[in-house]
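Working notes, beginning with the structure itself.
The values are calculated or read from the model by the stated rules, or taken from the named source; none is laboratory data. Note that this is a predicted model, so its numbers are computed, not measured. Cβ atoms come from the backbone with ideal geometry, glycine included; neighbour counts cover every protein chain shown.
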Amino acid sequence: MTLQIKKADLDKIFHHARECHPLEACGILAGRIAGEGKAVEKIYPAKNVLNSASEYEIDPVEQLKIFEDAENAGLGVLGFYHSHPFWEPFWSEIDDERSSLWTGYSYLIVSLKTGGFSTYIRKESKVEKEEVRVL
């Protein structure tokens, strides 16, 4: 599958990451699945309750509210995003542990160090790079 995201939404994610620096920023990607693509239509910045530079966790109450808002807007949750304030946008061991129950979801990681980003998808017992198209 290909994750499609508007440049304006990607810019908002980077802005959120800069606002949260030196901590990791995090949030949720919502949109629609159409054929072989997932189109992000709304991003939901969230608070990192761990207040950490190397890991994140979205408050469960806030996460539920975001899921409900997306559903009320006719959107599905496509995945999550977070930032790496000091590292490349690579998939980490912590990311692997935390995503194990979220099969089929996309994970967009932005790097403030490089200004780049990577997207991954969790499949059953493994994670693969996911193609991304910026619109």
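Of the residues I94, I13, I109, I5, only one is farther than 21 Å from R133 by Cβ and out of contact with any helix residue (DSSP H, G or I) (no Cβ under 7 Å at 6 or more places or on another chain); which? Break it down stepwise before answering.
Working: I13 fails: farther than 21 Å from R133 by Cβ; I109 fails: farther than 21 Å from R133 by Cβ; I5 fails: farther than 21 Å from R133 by Cβ.
So the residue among I94, I13, I109, I5 that is farther than 21 Å from R133 by Cβ and out of contact with any helix residue (DSSP H, G or I) (no Cβ under 7 Å at 6 or more places or on another chain) is I94.
Is it the case, given these coordinates, that N51 is at positive phi and either out of contact with any strand residue (DSSP E or B) (no Cβ under 6 Å at 6 or more places or on another chain) or among the small types (G, A, S) (or both)? So N51 passes the test. Among the residues of region 76-114, those that are in contact (Cβ under 8 Å) with a residue 40 or more places away in the chain and surrounded by fewer than 18 Cβ atoms within 10 Å (Cβ to Cβ) comprise G76, F86, I94, R98. Please enumerate the residues belonging to region 22-36 that are surrounded by fewer than 21 Cβ atoms within 10 Å (Cβ to Cβ) and out of contact with any Phe, Trp or Tyr (no Cβ under 9 Å at 6 or more places or on another chain). Passing the criteria: R32, I33, A34, G35, E36.
Only residues that are out of contact with any helix residue (DSSP H, G or I) (no Cβ under 7 Å at 6 or more places or on another chain), surrounded by fewer than 20 Cβ atoms within 10 Å (Cβ to Cβ) and assigned to a strand (DSSP E or B) were counted in region 120-135, giving 7.
Collect the residues in region 53-112 that are closer than 16 Å to H21 by Cα and among the charged types (D, E, K, R), keeping them in residue-number order.
Looking only at region 53-112, we keep the residues that are closer than 16 Å to H21 by Cα, and these are 53-57, 81-89, 109-112.
Listed by number, the residues that qualify are E55, E57, E88.
Filtered by the rule that a residue be out of contact with any helix residue (DSSP H, G or I) (no Cβ under 9 Å at 6 or more places or on another chain), crowded, with 17+ Cβ neighbours inside 10 Å and farther than 20 Å from W91 by Cβ, region 37-58 gives a lone residue, A39.
When D69 is tested against (1) surrounded by fewer than 13 Cβ atoms within 10 Å (Cβ to Cβ); (2) more than 16 Å from V110 (Cα to Cα), only condition (1) is not met. Of all residues in region 78-118, those being touching a Pro at 6+ places or on another chain (Cβ under 9 Å) and of a type in the set (S, T, N, Q) number 4.
Being farther than 20 Å from P45 by Cβ and either at pLDDT 95 or above or of a type outside the set (K, R) (or both) is the requirement here; does E62 meet it?
On the way: farther than 20 Å from P45 by Cβ: no; either at pLDDT 95 or above or of a type outside the set (K, R) (or both): yes.
So E62 fails the test.
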